[in-house]
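Chemist: Okay, handing you the structure first.
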Amino acid sequence: MTPPEVQTRPAGVTRATWKRFPYPRTQIRFGVLLAILAFLSWSVQFLNLDLQRMLGAFPRLAAILADRYYPPDINYVLDKGFLTSVLRTIQMSILGGAFGVILAIPLAWFAAHNVTVNRWLFYPFGRLAIMGSRAIHETIWTILFVTIIGFGMFAGVLALTMFCIGFAGKLFSDEIEAIDMKPVEALRSTGAGPLQVFQYGVLPQVRVAFVGISIYTWDVAFRAATVVGFFGGGGMGWYLQRTTYELQSTRVAAILLSIILLVSISEIVSGWLRGRIGRMG
């Protein structure tokens, strides 16, 4: 027999379901958020940041750009010497990206805990190499190589190589650690060596992702190449450094516009290539 309370319940009304209060997760989450807000507030006061002045800086920045950097000296960036530096910057980014990707692949293999050759020797070596490359900014790498071998494209290529090792190596190792281990275990059960396991069990699963990451690495390397050149690596960055130090504002504006244009083109090209690679996969 149906209980009376169910018979008198209006149509469409269901029995209320009770849920356990997520204690202490809610309190922990609230405490972490409160601590972050308190730290940010303390940082603003400790650094003596005038937020109102920061907001008012944007109109002054627009006025300075209109007064000093306009109109940009377009003829300067159309000069043969500058166009040659653009070509050298592209070459530097391609070489640095290629060398970085080539070196990052074995390091990512060593740094992936599921397929590493040896967890006590090669795993920490691969992790340390990738982390060390990522921990040091490309500008610092440039300064170090310029100090050792002098100014020029060679120092810039080496700096971009170290930068790309850290950038691509981290993404490569993450992809390797996310593979399906069944083919790897099947190869290991047949007595296959580490190199054979990597060649036939790992690479077929990450090939498409590796190509996409390599293209993205070149895209990032091209953006970093200008900064590397500014600190002694040559290319467009050297022209930007010279015109900045000489206070040639209209030429600086033209160089910045050319950098924005080239980065936009590289973004379009790399995005198109990654899309083609993704459809192939």
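The values are calculated or read from the model by the stated rules, or taken from the named source; none is laboratory data. These numbers were taken from a predicted model, which means no experiment stands behind them. Using ideal geometry, Cβ is built from the backbone for each residue, glycine included, and neighbour counts are taken over all protein chains shown.
Chemist: Out of the residues in segment 152-175 that are within 18 Å of the chain's Cα centre (by Cα) and farther than 14 Å from L103 by Cα, state the one that is surrounded by the fewest Cβ atoms within 10 Å (Cβ to Cβ).
Modeler: D174
Chemist: Looking at segment 97-125 only, could you name the residues that are touching a residue at least 60 places away in the same chain (Cβ under 8 Å), farther than 28 Å from V157 by Cβ and not hydrophobic (A, V, I, L, M, F, W, C)?
Modeler: H113, N114
Chemist: Residues to consider are T161, T147, T142; find the one that is of a type in the set (V, I, T) and in contact with a Leu (Cβ under 8 Å, 6 or more places away or on another chain).
Modeler: Matching residue, one of T161, T147, T142: T161.
Chemist: Another one. Would segment 69-84 turn up any residue that is of a type in the set (V, I, T), modelled with pLDDT of 85 or more and outside any loop (DSSP other than H, G, I, E, B)?
Modeler: Yes.
Chemist: Evaluate segment 168-185: report whether one residue or more is basic (K, R) and under 18 Å from V208 (Cα atoms).
Modeler: Checking segment 168-185: at least one residue is basic (K, R) and under 18 Å from V208 (Cα atoms).
Quick grid of which residues meet (1) closer than 26 Å to I149 by Cβ; (2) free of Cβ contacts under 8 Å to residues at least 40 places away in the same chain:
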position: L187; (1), (2): no, yes
position: F210; (1), (2): no, no
position: T226; (1), (2): yes, no
position: L261; (1), (2): no, yes
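Chemist: In segment 128-151, what residues are more than 17 Å from G100 (Cβ to Cβ) and not in a loop (DSSP other than H, G, I, E, B)?
Modeler: I143, V146, T147, I148, I149
Chemist: Next question. If you scan segment 98-148, which residues turn out to be of a type in the set (S, T, Y), surrounded by 21 or more Cβ atoms within 10 Å (Cβ to Cβ) and under 24 Å from R223 (Cβ atoms)?
Modeler: Those that are of a type in the set (S, T, Y), surrounded by 21 or more Cβ atoms within 10 Å (Cβ to Cβ) and under 24 Å from R223 (Cβ atoms): S133, T142.
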